Amino acid sequence: MPFGRVGSNLLMDYVYQSLKGRSICGNQILTGAKSLASQIKILGEFYDQEPTGHHKITKESLGAMPDTIGLSNFLAEKGVAVIRMFRRSVLKTAVSQIRAEEYAEISRAKTGTAMWGVDKNAEPLGPIEINPERLQELCMFIEHQNQLLGQMGEANNTLDIYYEDLSQDMAKELYRVATFMAFESSTYTPRFRKATNDDLSRSIVNYEEILASLPKRFTDLG
């Protein structure tokens, strides 16, 4: 079960292609379930469904969870392994999220379907202007989510994947995923392209305004 947005589309696509019909994949199946009890019921039914020999993997967001520790304890009792997906830069995570939201709205207007990943043959989103207040709120939210994610899975069999490592050596990181999930790693060609430049000044129109408005802990990109 992978948690976190960064790189999750790529990871789920890799698992789906590698297992070739030997997996059951969910996507934010907990959204809309407001209580720990209802989420435990949904996940219990998901992991208990037939066929028993298939890998069952669902991508979820911590933002939908009212009790991360309680859910983590349930997953540990259930024997569910957890993949935690991080990005070291909170700012880049937030910018990517905002740009993904805008791209989804544009694609919905054009095609009727919101696309959250940019297909490798599609035109990516150009530079956009970002509201500094909205960005700071999102940075603080992501910072808090990262703290929760650090707690999520402490009792579980857990693999941590960092977006930066995935970008630098995709084959190595996907091999780690395959080993963790106990299936044979396969050659993978991503369906999605990188949607936000690592040089944020090329993705944000009001980049200097953004830097000036945020606390230094968010703008220190190393």
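Of all the C-alpha pairs in segment 36-128, what % are more than 19 Å from each other? Show your work: numbers first, answer last.
Numbers: 2499 of 4278 pairs.
Taking all Cα-Cα pairs of segment 36-128, the fraction more than 19 Å apart is 58 percent.
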Placing +1 on the Cβ of each Lys and Arg and -1 on the Cβ of each Asp and Glu in the chain, which of L214, V95, A64 has its Cα farthest towards the positive end of the resulting dipole? A64
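Please quote Rg/Rh for the chain to two decimal places, taking the Kirkwood radius as Rh and restricting both calculations to Cα atoms.
Numbers: Rg = 17.9 Å, Rh = 18.6 Å.
With Rh from the inverse mean 1/r over Cα pairs, Rg/Rh is 0.96.
Over the chain, what relative contact order in percent results from Cα pairs under 8 Å that are six or more residues apart? Working shown, then result.
Numbers: 281 pairs, mean separation 61.3, N = 222.
Rounded, it is 28 percent for the chain.
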Enumerate by residue number the trypsin sites (Lys or Arg not before Pro) in segment 55-164 meeting two conditions: DSSP loop (anything except H, G, I, E, B), and at most 12 other Cβ atoms within 10 Å of the site's Cβ. K120
Quick check for the chain: number of Lys pairs with alpha-carbon distance under 20 Å, counting only pairs 8 or more apart or on different chains? 14
For segment 89-177, convex hull of alpha carbons as volume per residue, Å³: 138 Å³
Hey, can you find the accessible area per residue of the chain for me, probe 1.4 Å, expressed in square angstrom? 53 Å²
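Rounded to the nearest percent, how much of the accessible area of the chain (1.4 Å probe, protein heavy atoms only) is carbon and sulfur? All intermediate terms of the calculation are to be shown ahead of the outcome.
Numbers: 5850 of 11690 Å².
After summing per-atom areas, the C and S share lands at 50 percent.
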Cα-projected label distance for S185 with R22, points at 7 Å along beta-carbon direction, nm: 1.7 nm
Stokes-Einstein at 4 °C, 1.567 mPa s, Kirkwood radius from Cα pairs: D for segment 161-222 in µm² s⁻¹? 89 µm²/s
Rounded to the nearest 10 Å², the 1.4 Å probe accessible area of E105 is 100 Å²
Length-normalised contact order of segment 1-113, Cα under 8 Å, at least 6 apart, in percent, tallies to 38 percent
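The values are calculated or read from the model by the stated rules, or taken from the named source; none is laboratory data. Predicted model, so just to flag it, every value in this text is computed and none were measured. Counting neighbours? That spans all protein chains shown, and the Cβs are built from the backbone with ideal geometry, glycine included. The area values use the complete protein model at the heavy-atom level, side chains included, leaving out ligands, DNA and RNA. Shrake-Rupley method; radii C 1.70, N 1.55, O 1.52, S 1.80 Å.
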